[in-house]
Amino acid sequence: MSANNDTMGKTLLVTILLCVICSVVVSSAAVILKPKQVANKELDRKSNILAAAGISDPSKSVDELFQQITTRYVDLDSGKFVEMPAGYDDTKAAKDPQQGTQLARKDDIAGIKYQANIKPVYLVLNAEGGVAKVVLPVHGKGLWSTLYGFLALEGDLNTVVGLGFYSHAETPGLGGEVDNPAWKALWPGKKVYGNDTTDPQIGLIKGAVDASTPNAEFKIDGLSGATLTSNGVTHLVQFWMGENGYAPFLNNLRAGEA
């Protein structure tokens, strides 16, 4: 009897049944957990926007704190606010020929290849309805990965409030030091632009910035042993703050014409 149970046909049948059962379990788990995964992703997005803006209060939830944030959408070409439908995804839009642009190599200093025509921006308004802070999504190539993050500016649209990356795969202890709180603490108070508000001057240098460093207000300490990641951070910030990024929008906002 045991010999009959060891036939090739029965072995294949048992294998197939196990595969089917496992597939059903995995698929069911994915469907059941998807709403929670979406909710966690949204919570993480809000948390990173708040962190870049320097908004925190342990007594309040992320959703409560995020009520201080107004989400708007900007046409990068015109620099004007536009209305977009719920669920708009600028990451997917970037590679859609109807919603995105393939960048020329000479313009693509951030190494992103494609850019969405419409980008979300996050505003913190003051009591009079003016802009107290603006948080801008940024991304670009490092050494091993694309870094995704948020850069926040004060209401003067030139002074940095904070920079943080929520996704990357840079080398721990080297390029991964973009997550180091001590390094991120170097950004607040730095200036993005000089006299020309379409030409960002901000960037990382080799070594440390001190009082004797020329134009220190535009410079941040480089990441030790991670030159390519440091260059990538400089390039992505300069791209997004430049004329192919948010500069037209920021200039319109300064002039009250956004």
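Using a Förster distance of 45 Å, how high is the FRET efficiency between residue 215 and residue 63, based on the Cβ-Cβ distance and rounded to 0.05? Working shown, then result.
Values: r = 41 Å, r/R0 = 0.90.
About 0.65, to the nearest 0.05.
State, to one decimal in nm, how far the label point of residue 107 lies from the label point of residue 22, with both points 7 Å from Cα in the Cβ direction.
Each label point is offset 7 Å from its Cα along the Cβ direction, giving 4.9 nm.
Relative to a virtual label point 7 Å from the Cα of residue 156 in the Cα→beta-carbon direction, which members of the range 178-206 show backbone nitrogen distances below 17 Å?
Within reach of a label on residue 156, which here means backbone N under 17 Å from a point 7 Å along Cα→Cβ, the range 178-206 contributes 187-203.
Using a Förster distance of 51 Å, how high is the FRET efficiency between residue 205 and residue 126, based on the Cβ-Cβ distance and rounded to 0.05? Don't skip to the end; give the middle numbers.
Numbers: r = 34 Å, r/R0 = 0.66.
Efficiency, from the Cβ-Cβ distance: 0.90.
Tell me which label goes with the value of Cα Rg over 2.2 N^0.38 Å computed from the coordinates here: [x] 1.07; [y] 0.97; [z] 1.28.
Checking each listed value against the structure points to [z].
Any of 60/141; 36/80; 119/184; 113/191 with alpha carbons more than 31 Å apart? Name them for me. Show your work: numbers first, answer last.
Numbers: 60/141 35 Å; 36/80 34 Å; 119/184 24 Å; 113/191 27 Å.
Among 60/141; 36/80; 119/184; 113/191, the Cα-Cα distance tops 31 Å for 60/141; 36/80.
Add -39500 (n - 2.57) for each DSSP H run of 4 or more in the chain, then divide by its residues: what number comes out at 222 nm, to the nearest 500 deg cm²/dmol?
Values: 7 runs with 84 residues, N = 258.
-10000 deg cm²/dmol, from helical runs alone.
What's the center-to-center distance, using Cα atoms, between the range 219-256 and the range 53-121 in Å?
Result: 15 Å between the Cα centres.
Given a 10 angstrom Cα cut-off, can you work out which residue in 17, 136, 50 is the most mobile in a GNM of the chain?
The residue with the greatest mean-square fluctuation here is 17.
Skipping prolines and chain starts, which residues have an amide H placed within reach, meaning under 5 Å, of the one on residue 138, given they are 5 or more residues away or on another chain?
149, 150, 151
Looking at the chain as a GNM with Cα springs under 10 Å, which of 230, 47, 59 has the largest mean-square fluctuation?
For the chain, modelled as a Gaussian network with Cα springs under 10 Å, the answer is 59.
Evaluate the distance, in nm, between pseudo-label points positioned 7 Å from the Cα of residue 99 and of residue 73 along their respective Cα→Cβ axes.
Spacing of the two 7 Å Cα→Cβ label points: 0.8 nm.
Computed FRET efficiency, Cβ-Cβ of residue 11 and residue 32, R0 41 Å: what is it to the nearest 0.05?
With a Förster radius of 41 Å, E is 0.80.
Where a number appears in this text, it was derived from the coordinates with a stated rule and is not lab data. What you see is a predicted model; the values in this text were computed from it and never measured. A quick note on method: Cβ atoms are made from the backbone with ideal geometry, for glycine too, and the neighbour counts reach across all protein chains shown.
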